[in-house]
1. Tell me, in nm to one decimal, what length is gained between residue 55 and residue 36 on full extension, where the rule is 0.36 nm per residue of separation less the Cα-Cα distance?
2. If we sort 66-72, 126-132 on the protection proxy, mean other Cβ atoms within 10 Å, highest first, what's the order?
3. Counting C-alpha atoms alone, how compact is segment 71-112: give Rg to one decimal and Dmax as a whole number, in angstrom.
4. What ratio of Cα Rg to 2.2 N^0.38 Å holds for segment 45-118?
5. Please report 100, 87 as a ranked list, fewest other C-beta atoms within 10 angstrom at the top and most at the bottom.
6. Per residue and in Å³, how big is the convex hull formed by the alpha-carbon atoms of segment 39-80?
7. Return the FRET efficiency for the residue pair residue 66, residue 101: r is the Cβ-Cβ distance, R0 is 45 Å, and the value is rounded to the nearest 0.05.
8. Using the 10 angstrom Cβ neighbour count as an exposure proxy, how do 59, 147, 116 rank, fewest first?
């Protein structure tokens, strides 16, 4: 049994020990910086079906092989909200790990389908940073960053953007 008293839970102490930093502070973002989120993620049929089950999305394109085989894509397509959730989650440790909140997603598109077995490679670009105007006592400490985030690629195809 592991002694829980010896486990380091303070993130700053973990980072000081060489652990991967979790998130960034406002002053650490540079406009134009591109973060390639690690690791890549292969989407499995089981997790897609579990997502559909949990969210009560029973569209046959996602869960019925016979129906999907007769569709334009010719096979099951991964549920879009699941892909968005994965891509968003993959960006957290680089982009929003130290954020108080994610305030908005302004634009969302998925120009190509994601299929079971596809591996997603995700990156985000910093478009803008600005100090908080609503919290004057936190200037220099708090602010907003804008990202072109979640550019996901499957081989050479761009499959999702937000």
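Any read-out appearing in this document is the output of simple, stated calculations on the displayed coordinates, not a laboratory observation. Computed from a predicted model, the values in this text were never measured in an experiment. Backbone-built Cβ (ideal geometry, glycine too); neighbour counts: all protein chains shown.
1. This chain segment gains 3.9 nm when fully extended.
2. 126-132, 66-72
3. Cα only, segment 71-112: 13.7, 43 Å (Rg, Dmax).
4. 1.28
5. Exposure proxy ranking, most exposed first: 100, 87.
6. 78 Å³
7. That pair, residue 66 with residue 101, gives E of 0.55.
8. 59, 116, 147
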